[in-house]
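The values are calculated or read from the model by the stated rules, or taken from the named source; none is laboratory data. Note that the structure is a prediction, hence the values are computed from the model and not measured. Ideal geometry is used to build each Cβ from the backbone, glycine not excepted, and the neighbour counts take in all protein chains shown. The accessibility values were calculated without ligands, DNA or RNA, using every heavy atom of the protein model including side chains. Shrake-Rupley method; radii C 1.70, N 1.55, O 1.52, S 1.80 Å.
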Amino acid sequence: MESTFLCVFSDKLWAPCFFRSIKMFMLVSAMVLAALTEGLQVIGGNKTVVQGGTVVLPCQLIDTMETLSQISWQRITRGKLRNENFFTILPTDGPKFVDGHDERFRYIGIFDDNNGSLQLSNVTLMDEGTYTCIFTLFPSGNHKTEIPLNLLVPPVSSLEANPPVLGDKEVSLVTCTAAASKPPAEVRWLTGDLAGKLRTTTSSTEHGNGTTTTISSLFGIPSREINHQVVQCVITNAALLSKQTLNFTIQVHFPPTDVIISEWASNSFECVTEANPDANFTWKRSDNSWPQSAVRVEGASLQILSMTSHLNGLYQCEASNPYGTKRSHLYLHVSSAGCTVYWTLLILLVILIVAVAALLYLQTSGKLQRIREIISGDMQPVPRSPSASDRADSHDGGL
Ligand SMILES: *[C@@H]1O[C@H](CO)[C@@H](O)[C@H](O)[C@H]1NC(C)=O
Ligand SMILES: *[C@@H]1O[C@H](CO)[C@@H](O)[C@H](O)[C@H]1NC(C)=O
Ligand SMILES: *[C@@H]1O[C@H](CO)[C@@H](O)[C@H](O)[C@H]1NC(C)=O
């Protein structure tokens, strides 16, 4: 101050002297401030959070005796491309959103402790970026730190297969996708015994929002041998607590092979074949007349419920799936008319014999006449000792 006053009275030296004085002033001020802010630090951090989670953006001012007049937060994120103030904390008004309320942010620091920490919940990819925490002190001014916020986005995993038909050319068997993850996911296949027979290819695509989709395909020759073998797609990513394993059963489609009809229980026949997808079975009789009540058909099985000679004939079992149809035949011959028929006939015969015998007995003993008259409603008393001819007449007339 003193040197400035001295300069004013000396025209010639005014300008250089003035600037020298300014320099001097600044130097002194800087020294004063340096003394004030010596050791002063704003401590932040580098934070990483999984999408949807909650994160604390730490901000702490230490080693200062100056007066804190305001804490403010700025951000530059995927969602807000211009660096802007979005949150301020004043000793009087407390925390305040500058440009639009966002209830996911909560001030969890304590102003008097020079703690400006913010908590952000339900974090999205759009929140990724750099957060700047600024302490305004008197008299030294602003002191800040930058807190990078990194987002981890778990992949959306899926398997997709378009089962090939039996063949001898290599085709894609299944595709495993780890979609839109950050950082990129690692996708591997565990193929066990099939390791030498299968091949994998992996590719990845980065999206505008910073996520990456990784796709890995499994190739092989669609043979019967690999059909129904189980392979696994293993996805590893920092956003996942543990690796994901997706099991897949390889499918190779083929038409039904030979159809075999076997008797698996007495009077029950079953049609067997190999096919992928599984075959549907249809039983038919060559003449199309189906002895409904005597058989029961359920899918591949044919069950004979009662042995009758109506069953005799040629039966056909047809196995089909979208890739083809195969048939096999069964000739059914109910020999000796089956036990049931035999016994039925025998019983009928016995009844007949008994009936005839009874009839003969009744006729010869003369009781039949009386019975017949009673039945026909003729209530005339029968003579006690009718002549033989009368009896014969009435007998004839009755017949
Ligand atoms: C923050 O940490 C992440 C990983 O934790 C790292 O990739 C990144 O480079 C770090 N950023 C800074 C600015 O230190
Ligand atoms: C976070 O998300 C959950 C579920 O979507 C919701 O219930 C909750 O209110 C959200 N919290 C905040 C602070 O937005
Ligand atoms: C990122 O972009 C991809 C592709 O457009 C999209 O599928 C995905 O859902 C986006 N992820 C997020 C977290 O917004």
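Listed values, structure above:
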read-out	value
Cβ-placed point charges (K, R +1; D, E -1), dipole of the stretch 203-327 about Cα centre in debye, nearest 20	80
Protein accessible area in the stretch 42-190, 1.4 Å probe - carbon and sulfur %	50
Cα→Cβ-extended label distance, 7 Å offset, between His101 and Leu360, nm	11.5
Rounded to the nearest 10 Å², the accessible area of Met24 at probe 1.4 Å	110
Cα-derived Rg to Rh of the stretch 215-309, Kirkwood definition	1.26
Low-density loop cleavage sites - GluC sites (Glu not before Pro) in the stretch 216-300, where at most 15 other Cβ are within 10 Å (DSSP)	Glu225
Exceeding the 23 Å Cα-Cα cut-off - candidates Lys96/Lys182; Lys197/Lys243; Lys169/Lys197	Lys96/Lys182; Lys197/Lys243
Gained length - Asn247 relative to Val230, 0.36 nm times residue gap less alpha-carbon distance	5.4 nm
Rounded to the nearest 10 Å², the accessible area of Leu190 at probe 1.4 Å	80
Cα-projected label distance for Ser223 with Asn280, points at 7 Å along beta-carbon direction, nm	3.3
Rh by Kirkwood over Cα pairs, then Stokes-Einstein D for the stretch 156-249 at 1.002 mPa s and 20 °C, µm²/s	156
